Amino acid sequence: MSAAITRAACEDLLYEEAALLDEWRLDEWLALFVEGATYEVPTAGAADNVQSTDTLFYIADDWHRLCQRVERLKKNTAHSEFPRSDGLRLVSNVRLLGEDGRGMLVGSAFVTYRSKNDRTECFMGHHRHHLVLVEGRLRIAAKRSLLDMNSLRAQGRVSIIL
Amino acid sequence: MAGQAVGRGASPWVREDGAQHTFRVARDAFTQDSILSLERENIFDRCWIYVGHESEIPERNDYLTRQVAGRELIFNRDRGGAVHAFLNICPHRGAMVAREKKGNALGFQCFYHGWAFNNNGRFATQIAEGNYPPDFNAQGCANLTEVPRLESHRGFWFVNFDRNACGLIEYLADAAAIIDLVADQSEVGMEIVGGTQEYGVQANWKLLLENSFDGYHAITTHATYFDYLANTAGSMTQPLLLGDNNRSRGVDLGNGHGMVEYPAPWGRPVAQWIKAWGEDAKAEVEAKERRLVELFGPERGHRMARLNRNMVIFPNLVINDIMAITVRTFYPTTPGQLAVNAWTLAPKNEAAEMRRWRLYNFLEFLGPGGFATPDDVEALESCQRAYCNSREAGWNDISKGMMKSSPAADDEAQMRSFWREWDRRLGAGVAP
Ligand code: FES
Ligand SMILES: [Fe+2]
């Protein structure tokens with residue numbers, strides 16, 4: 001199965017994911033994930049291996065809360081993102097880091113810009129995606145976005161999906 | 001101000017009219033550099049300011065560095081275990097002597113010219129004879145400067161830059177007993193959990209202060225959070241009763257401190273069980289509540305277990321004992337910008353499964369990625385942005401519940417207690 005997962009295919013998926021988020025096509029974005037998937041953002045500067053069970057994160061969504069996050073972001077009562085921010089995601093430095101129990105671990109670097117109310121903030125860091133092949137299609141089993149920053153002083157919030 | 005007496009009723013910033021039941025605050029108080037200067041001088045340089053929790057430096061020689069009230073501080077334990085707070089600046093020519101966020105070290109060495117200090121602050125460098133007189137450090141000019149006052153209550157450490165300030169306990173007034181309701185949740189002590197949320201808001205610090213114990217905004221600002229609870233099986237017990245005068249209240253805790261206290265639907269690890277946590281957790285949470293009742297009697301025990309408290313300790317410490325416990329402090333960098341540090345506090349001996357639920361609870365509501373805090377940030381920034389209109393529309397209204405003898409948690413009594421103290425302290429800086 002792993003033989004079928006190439007870097008090029010992973011890049012295609014990560015670029016597709018970035019585009020769906022940039023275009024605010026959140027249901028289609030969620031459909032990239034397998035049921036039971038998780039999405040996590042540890043605090044700025046955290047080590048790659050921190051666990052949300054014993055450490056405070058910004059975001060540690062199980063499947064239910066990830067679905068609810070998307071539901072929330074679609075509402076015009078999600079005030080931080082309504083009116084919506086504009087954003088752009090750059091993904092690069094894609095590497096296959098090997099397979100483990102959750103799938104193929106794919107590392108990438110990201111820069112995400114968020115612009116609203118005449119202010120533009122930048123989030124930078126690295127993603128760790130676990131990707132799996134489901135009926136020939138690459139899907140996301142877990143996504144962790146690690147911020148390579150000191151703090152969120154300038155950004156203030158992670159109300160978008162990185 | 002010419003010709004007017006300084007005091008209640010004469011304030012340029014706070015207008016309270018008891019007869020009309022109105023309370024107004026000038027929007028300029030959120031935007032002016034001159035106000036921030038007065039706040040630094042009369043509030044942040046004179047009040048007790050939270051520096052950290054004892055569990056953050058549990059061992060001898062542990063230290064951390066932190067910005068507190070516009071200063072760079074070292075908060076540490078020396079070789080004998082005594083707790084200190086030093087200004088993080090080299091007595092030589094001013095570089096920071098500790099530049100890591102935290103660590104364990106017998107001393108600190110300035111990297112600039114190499115002066116070294118024991119972790120009790122004393123100069124500890126042998127410099128070749130002939131460079132300085134033999135009694136050079138006789139008056140301590142080569143030692144680290146200690147913060148003038150450092151005191152603690154139940155593991156919460158505070159500094160004061162005013163040598164003549166009253167003691168911490170006197171300052172805390174009725175807020176001390178509310179801290180106790182948090183500290184007493186564990187028989188072996190409470191601890192700050194790993195992971196700090198350090199973020200910023202483009203708004204005046206007093207906007208975050210008001211927001212931190214504002215029951216009035218919950219239903220509207222956080223509509224999506226309550227949608228989420230409704231969509232999450234087994235996430236709710238009792239109804240949210242912010243406006244029920246009999247079961248919720250807004251309280252003046254003295255010296256500008258205030259609190260709202262109310263029942264709410266969400267689960268509380270200590271100790272309000274929700275179905276989503278499962279049957280095993282139920283036994284544990286119920287046992288916890290029984291134990292609180294055994295230790296503290298039914299009234300205080302049930303209060304600790306079932307009621308939520310959002311407390312502001314004047315001027316900038318928030319301890320919210322809600323779906324989890326958040327300890328949050330913030331400081332203005334400019335009139336229109338603040339820096340927040342937020343932690344979560346938990347019982348030291350908490351079972352791993354309960355700790356997991358506690359953190360899960362925290363993140364569903366609180367912090368930069370929660371389902372609620374980002375919308376608070378949006379509201380605060382929206383207010384700050386609109387205060388540019390203050391010349392034509394100059395006053396905030398903080399009158400809600402003034403006619404009531406016992407204000408509820410969705411009234412604004414607790415904010416009025418803050419503003420009265422703020423006004424009193426700033427008034428002290430105005431020449432009569
Ligand atoms: S500034 Fe520290 S040794 Fe010179
Ligand atoms: Fe809020």
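The values are calculated or read from the model by the stated rules, or taken from the named source; none is laboratory data. Bear in mind that the values here come from a model prediction, so they are computed numbers and not experimental data. Heads up, the Cβs are rebuilt from the backbone with ideal geometry, glycines too, and the neighbour counts pull from every protein chain shown. Each accessible area value is taken on the protein alone, full model and side chains, heavy atoms only, with ligands, DNA and RNA left out. Shrake-Rupley method; radii C 1.70, N 1.55, O 1.52, S 1.80 Å.
Candidates B:Ala10, B:Ala69: the one that is more than 25 Å from B:Val318 (Cα to Cα) and aliphatic (A, V, I, L, M) is B:Ala10. Here A:Ser151 qualifies as of a type outside the set (Lys, Arg) and at the interface with chain B (Cβ under 10 Å from one of its Cβ atoms).
Is it fair to say B:Ala379 is within 12 Å of chain A (Cβ to nearest Cβ), open to solvent by 10 Å² or more (accessible area, probe 1.4 Å) and in contact with a strand residue (DSSP E or B) (Cβ under 8 Å, 6 or more places away or on another chain)? First the steps, then the outcome.
On the way: within 12 Å of chain A (Cβ to nearest Cβ): yes; open to solvent by 10 Å² or more (accessible area, probe 1.4 Å): yes; in contact with a strand residue (DSSP E or B) (Cβ under 8 Å, 6 or more places away or on another chain): no.
For B:Ala379, the condition - within 12 Å of chain A (Cβ to nearest Cβ), open to solvent by 10 Å² or more (accessible area, probe 1.4 Å) and in contact with a strand residue (DSSP E or B) (Cβ under 8 Å, 6 or more places away or on another chain) - is not met.
Counting only residues that are of a type outside the set (A, V, I, L, M) and loosely packed, with under 13 Cβ neighbours inside 10 Å, which one in the stretch B:16-39 is farthest from the chain's Cα centre (by Cα)?
As a first pass, look at the stretch B:16-39 and keep what is of a type outside the set (A, V, I, L, M): B:16-18, B:20-24, B:27-28, B:30-34, B:37, B:39.
Adding the requirement that they be loosely packed, with under 13 Cβ neighbours inside 10 Å leaves B:17-18, B:20, B:33-34, B:37.
Values: B:Asp17: 29, B:Gly18: 30, B:Gln20: 33, B:Asp33: 23, B:Ser34: 24, B:Ser37: 21 Å.
Result: B:Gln20.
With the structure loaded, tell me whether B:Val188 is of a type in the set (Val, Ile, Thr) and either in contact with a Cys (Cβ under 9 Å, 6 or more places away or on another chain) or crowded, with 20+ Cβ neighbours inside 10 Å (or both) or whether it fails that test. No, not satisfied.
Taken over the stretch A:116-162, the residue count meeting the criterion of being farther than 16 Å from A:Ala37 by Cα and open to solvent by 40 Å² or more (accessible area, probe 1.4 Å) is 12.
Here is a list: A:Arg7, A:Arg69. Which entry is modelled with pLDDT of 95 or more and either surrounded by fewer than 20 Cβ atoms within 10 Å (Cβ to Cβ) or of a type in the set (Asp, Glu) (or both)?
Numbers: A:Arg69 fails: either surrounded by fewer than 20 Cβ atoms within 10 Å (Cβ to Cβ) or of a type in the set (Asp, Glu) (or both).
Just a single option satisfies the conditions, and that option is A:Arg7.
Looking across the stretch B:197-239 at every residue that is assigned to a loop (DSSP other than H, G, I, E, B) and modelled with pLDDT under 95, the one that is nearest to the other protein chains (Cβ to nearest Cβ) is identified as B:Thr232.
Determine whether the stretch B:176-194 contains at least one residue that is at pLDDT below 95 and over 17 Å from the mean Cα position of the chain (by Cα). Yes, the stretch B:176-194 contains at least one residue that is at pLDDT below 95 and over 17 Å from the mean Cα position of the chain (by Cα). Scanning the stretch B:87-131 for residues that are modelled with pLDDT of 95 or more and within 12 Å of ligand 1 (Cβ to nearest atom) yields a total of 23. Looking only at residues that are hydrophobic (A, V, I, L, M, F, W, C) and more than 7 Å from every other protein chain (Cβ to nearest Cβ) in the stretch A:47-62, which one is surrounded by the most Cβ atoms within 10 Å (Cβ to Cβ)? Restricting to residues being hydrophobic (A, V, I, L, M, F, W, C) and more than 7 Å from every other protein chain (Cβ to nearest Cβ), the top hit is A:Val50.
Residues that are over 23 Å from B:Trp157 (Cα atoms), open to solvent by 10 Å² or more (accessible area, probe 1.4 Å), within 14 Å of chain A (Cβ to nearest Cβ) and not hydroxyl-bearing (Ser, Thr, Tyr) do occur in the stretch B:320-343. Of the residues making up the stretch A:98-115, those that are open to solvent by less than 70 Å² (accessible area, probe 1.4 Å) and either without any contact (Cβ under 8 Å) to a residue 60 or more places away in the chain or aromatic (Phe, Trp, Tyr) (or both) are A:Gly98, A:Gly103, A:Leu105, A:Gly107, A:Ala109, A:Phe110, A:Val111, A:Thr112, A:Arg114, A:Ser115. Residues that are more than 8 Å from every other protein chain (Cβ to nearest Cβ) and not in a helix (DSSP H, G or I) were ranked within the stretch A:63-77; the one that is nearest to A:Arg128 (Cα to Cα) is A:Lys74.
Could you count how many residues in the stretch A:72-86 are touching a residue at least 24 places away in the same chain (Cβ under 8 Å) and open to solvent by 30 Å² or more (accessible area, probe 1.4 Å)?
Filtering the stretch A:72-86 down to residues touching a residue at least 24 places away in the same chain (Cβ under 8 Å) leaves A:73-74, A:78, A:80-81, A:83-86.
This time we only want the ones that are open to solvent by 30 Å² or more (accessible area, probe 1.4 Å), so: A:74, A:83-84, A:86.
Selection size over the stretch A:72-86: 4.
Within the stretch A:1-52, which residues are in a loop (DSSP other than H, G, I, E, B) and under 12 Å from the mean Cα position of the chain (by Cα)? Passing the criteria: only A:Leu32.
Filtered by the rule that a residue be farther than 20 Å from B:Gln202 by Cα and in a loop (DSSP other than H, G, I, E, B), the stretch A:95-150 gives A:Gly101, A:Arg102, A:Glu135, A:Gly136, A:Asp148.
Tell me whether the stretch B:41-49 contains one or more residues that are free of Cβ contacts under 8 Å to residues at least 40 places away in the same chain and away from ligand 1 (no atom under 16 Å from the Cβ).
Within the stretch B:41-49, the subset free of Cβ contacts under 8 Å to residues at least 40 places away in the same chain is none.
Among the residues of the stretch B:41-49, not one is free of Cβ contacts under 8 Å to residues at least 40 places away in the same chain and away from ligand 1 (no atom under 16 Å from the Cβ), which makes the answer no.
So which of B:Ala142, B:Ala95, B:Ala128 ends up being of a type in the set (A, V, I, L, M), free of Cβ contacts under 8 Å to residues at least 12 places away in the same chain and assigned by TED's automatic domain parsing to the domain that holds B:Phe75? Checking each option against the conditions leaves just B:Ala128.
Quick grid of which residues meet (1) farther than 24 Å from B:Phe226 by Cα; (2) of a type outside the set (Asp, Glu); (3) part of a helix (DSSP H, G or I):
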site	(1), (2), (3)
B:Phe362	no, yes, yes
B:Gly370	no, yes, no
B:Cys388	yes, yes, yes
B:Glu392	yes, no, no
B:Lys404	yes, yes, no
B:Ala408	no, yes, no
B:Trp422	yes, yes, yes
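Of B:Ala287, B:Ala281, B:Ala264, B:Ala218, all but one fail to be more than 16 Å from ligand 1 (Cβ to nearest atom) and closer than 30 Å to B:Asp423 by Cα; the exception is B:Ala218.
Evaluate the following for B:Asp376: is it part of a loop (DSSP other than H, G, I, E, B), touching a helix residue (DSSP H, G or I) at 6+ places or on another chain (Cβ under 8 Å) and within 16 Å of ligand 2 (Cβ to nearest atom)? In short, no.
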